[in-house]
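See below for the structure under consideration.
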Amino acid sequence: MEIEFVASGAPTPAKTALVRIVLEGAVLEGAQAQAQAASRFTGQKGQILDLLAQDASGAVRVVVVGAGKPDGFDALGAEHAAASAYHAVKLSGLEALRVELPSQDVNLAAHAALGLRLASYRFDKYRTKEAAEKKPTVKAAQILVADPDAALAAFAGLAAVADGVAFARDLVSEPANILYPAEFARRVKALESLGLEVEVLGEAEMTELGMGALLGVGQGSVRESQLAIMRWKGADDKDAQPIAFVGKGVCFDTGGISIKPADGMEDMKFDMGGAAAVTGLMYALAGRKAKVNVVGVIGLVENMPDGNAQRPGDVVTTMSGQTVEVINTDAEGRLVLADAITYTQQRFKPKFIVNLATLTGAIIVSLGMDLAGLFSNNDELSQNLLDASTAEAEPLWRMPMPAQYDRNIDSPIADMKNVGARPGGSITAALFIQRFVENNLPWAHLDIAGTAWRKNGAVPTSPEGATGYGVRLLNRMVADKYEG
Ligand code: BES
Ligand code: MN
Ligand code: ZN
C-alpha cells in the first residue's frame, strides 16, 4: 500500500473512493444526508455507509465510517476505521482511497496509515490462478491532514512497525518445506541490510556449547538446527547492557516420536511464531532506529519422527548443566527455549529476558484464541508488558506460577522431566522454563499458541492467518519503557 499525506486542496486521483471517518452524531450533507436518512447510520463505531456516487472532491465512491464517541476515538480507533474502509472497497476495482479524519491530528493521520498497512497485508505468493475479481485492487491511499510533512514524520516509525509485522506474518505463513531452520536463518541474516548484526550457529557450534536439549529436538530432522542471534545497538553507548528477547522457532512440529494426530497437523508450520515475532520486533527496532541495545535470539529446529529421533525416556544435558528426562517428545518448545535462554543470559547478561513461544495447547483451553498468556517472576516487567498490550490491543493475561506445581516436573532419574500431568499444562511448561532463569533475572514468557494464528473472526487490522502477534506489543514496551 502506497501511502501519501496530503492537504485538502490536493487533487483526487482517478478511481478513488473517499473515506470519511466521522464521529457519532455526525449529520451528513447533500446526497450523503439522503443516504443517512434512508439508513440507520449514526456514526457508531464500526458502522459503514457506502455510497456509489460522485463526491465534490472527484471521488467516484464515498464510504462513511463511524468512529464512535469523540472521547473513545484514539490512535487504535483511527487504525480500525481506516482498515474497515479498506476492506469495504478493496475488491471494487477502484485503485485508491482518500481518507478524511474527524480531526487534523497528525498522530491520528499516521495511525490511519498504519491501519491501512496492516489491513492490506496478504500472503498470496503461492496463488497462481486467483480470479482477478478476488484480488484486491486498492493499492494506494491519500490521507488528508493539515500538516502533511509532520504526519509523514510521525508515520516513519509506524511504517517500520508495519514492516516488522508483515515480516513476521510472512515467516509464519511460509510452509515448512520452504521455511526450514537454515532458510529462516538466511532470511534473518539478510536483515543485516537494516543495520542489525546477525550471527548464525550450526549444530557443530551448539554441540560445542553443550546445547543438548535444543539439539535433541532437531536430531530426527534432515534439516540442520540453527541458533540465530540478532543485535541492535541503538543506544548512545553501544556497550550498555542490552535487553533480550528469545523465540521458539520450531519450523515444523510433528510431535516427534510422540507423534501428533494427523488431523490439523498442518497447522504446526506456525510453531515458529515466537521466533517470527522476535525477528519482526528486531526488524521494527532497526527500521525505526530505536535508541536502545537489544538482543534477539531464536532457536530454529524441526521436530520429526525418524530412526535417529530422540525417544521418550531419553535424558539430555542442557547448556545450563541441568539434565532433562524427555517424557514426551512433543513438549519440545521448552527444550529449545531452555538452551536459548541459557545462552542469552550467559553471553549477554541482559537486563531482562522476554521469551515468546507457541508453547502449549493448554493456554488455548485457558484463555481462548484472543489472549496470550503471560508468565513471569517479576511484577514490574509484567506491568510493562500489560501496559503495552493494552496500548496496542494485543491482549495479554497474566497467569499464576504457583511454586507447589513445580514438583510436577521432578524426575526420578534426572534433574527434571519435560512434562507434568495434563492439568495446568501451560503453567508447568512455564515452570520448566523458569528453571533455566539464573539469579532471579527478570523474565517473562508469553505463550502465544492461541494468538499467533487467526483461523476465523478476522479483525480489520489483522486478516485471517498469521497475525504477527507480539511485534507491536514488544515494540511499544521498548519505546515507552526502555529507550532513552
Ligand atoms: N507446538 C505445540 C503447542 C500447540 C498445540 C500450539 C496446539 C498450538 C496448538 C507444542 O509443542 C506441543 O505440542 N505441546 C504439547 C505439550 C504436551 C505434550 C505436554 C501440547 O500442548 O499438547
Ligand atoms: Mn510439540
Ligand atoms: Zn511445538
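Run Gly299 past the list (1) outside any strand (DSSP E or B); (2) within 27 Å of Ala479 (Cα to Cα); (3) not hydrophobic (A, V, I, L, M, F, W, C) and report the number of the one that doesn't hold.
(1)
Look through region 323-363, keep the residues that are surrounded by fewer than 17 Cβ atoms within 10 Å (Cβ to Cβ) and within 30 Å of Met477 (Cβ to Cβ), and return whichever of them is nearest to ligand 2 (Cβ to nearest atom).
Selected residue: Gly361.
Kindly establish whether Asn308 is in contact (Cβ under 8 Å) with a residue 60 or more places away in the chain, surrounded by fewer than 18 Cβ atoms within 10 Å (Cβ to Cβ), outside any helix (DSSP H, G or I) and touching a Gly at 6+ places or on another chain (Cβ under 6 Å).
Yes, satisfied.
Looking at region 258-283 only, could you name the residues that are within 12 Å of ligand 1 (Cβ to nearest atom), of a type in the set (A, V, I, L, M) and farther than 28 Å from Ala444 by Cβ?
Those that are within 12 Å of ligand 1 (Cβ to nearest atom), of a type in the set (A, V, I, L, M) and farther than 28 Å from Ala444 by Cβ: Ile259, Met265.
Which count do you get for residues in region 180-190 that are touching a strand residue (DSSP E or B) at 6+ places or on another chain (Cβ under 6 Å) and under 24 Å from Ser462 (Cα atoms)?
Qualifying residue count, region 180-190: 2.
Of these, Phe252, Phe245, which one is in contact with a strand residue (DSSP E or B) (Cβ under 9 Å, 6 or more places away or on another chain), closer than 30 Å to Ala414 by Cα, away from ligand 2 (no atom under 15 Å from the Cβ) and part of a strand (DSSP E or B)?
Within the list Phe252, Phe245, the selection yields Phe245.
Given the structure, is Arg223 in a loop (DSSP other than H, G, I, E, B) and at pLDDT 95 or above?
So Arg223 passes the test.
Do we find that Lys248 is at pLDDT 95 or above, farther than 22 Å from Leu201 by Cβ and of a type outside the set (Gly, Ala, Ser) in this structure?
Spelling it out, it is not the case that Lys248 is at pLDDT 95 or above, farther than 22 Å from Leu201 by Cβ and of a type outside the set (Gly, Ala, Ser).
Which one of the conditions (1) surrounded by 19 or more Cβ atoms within 10 Å (Cβ to Cβ); (2) among the polar types (S, T, N, Q); (3) touching a Lys or Arg at 6+ places or on another chain (Cβ under 6 Å) does Gln32 fail to meet, given that it meets all the rest?
(3)
Against the condition within 16 Å of ligand 3 (Cβ to nearest atom), within 27 Å of Val198 (Cα to Cα), of a type outside the set (Gly, Ala, Ser) and more than 18 Å from the chain's Cα centre (by Cα), how does Val301 come out, does it pass?
yes
Run down Thr42, Thr12 and say which single residue is over 21 Å from Asp147 (Cβ atoms) and of a type in the set (S, T, N, Q).
The conditions single out Thr42.
Run Glu4 past the list (1) free of Cβ contacts under 8 Å to residues at least 40 places away in the same chain; (2) among the acidic types (Asp, Glu); (3) closer than 18 Å to Lys139 by Cα and report the number of the one that doesn't hold.
(1)
Every residue, every condition in (1) at pLDDT 95 or above; (2) under 15 Å from Ala82 (Cα atoms); (3) in contact with a Gly (Cβ under 7 Å, 6 or more places away or on another chain), yes or no:
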residue: Glu100; (1), (2), (3): yes, yes, no
residue: Gly115; (1), (2), (3): yes, yes, no
residue: Asp124; (1), (2), (3): yes, no, no
residue: Val145; (1), (2), (3): yes, yes, no
residue: Val161; (1), (2), (3): yes, no, no
residue: Phe167; (1), (2), (3): yes, no, yes
residue: Leu171; (1), (2), (3): yes, no, no
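Which of the following residues is within 16 Å of ligand 2 (Cβ to nearest atom), surrounded by 20 or more Cβ atoms within 10 Å (Cβ to Cβ) and outside any loop (DSSP other than H, G, I, E, B): Ser426, Ser389?
Ser426
Exactly one condition in (1) part of a helix (DSSP H, G or I); (2) surrounded by fewer than 24 Cβ atoms within 10 Å (Cβ to Cβ) is not met by Leu441; state its number.
Failed condition: (1).
Condition (residue is buried (at least 18 other Cβ atoms within 10 Å of the Cβ), in contact with a strand residue (DSSP E or B) (Cβ under 6 Å, 6 or more places away or on another chain), under 26 Å from Phe155 (Cα atoms) and among the hydrophobic types (A, V, I, L, M, F, W, C)) applied to region 38-52: is it met by at least one residue?
Within region 38-52, none of the residues are buried (at least 18 other Cβ atoms within 10 Å of the Cβ), in contact with a strand residue (DSSP E or B) (Cβ under 6 Å, 6 or more places away or on another chain), under 26 Å from Phe155 (Cα atoms) and among the hydrophobic types (A, V, I, L, M, F, W, C).
The values are calculated or read from the model by the stated rules, or taken from the named source; none is laboratory data. Being a predicted model, the structure only gives us computed values, none of them experimental. Neighbour counts run over all protein chains shown; Cβ positions are idealised from the backbone, glycine included.
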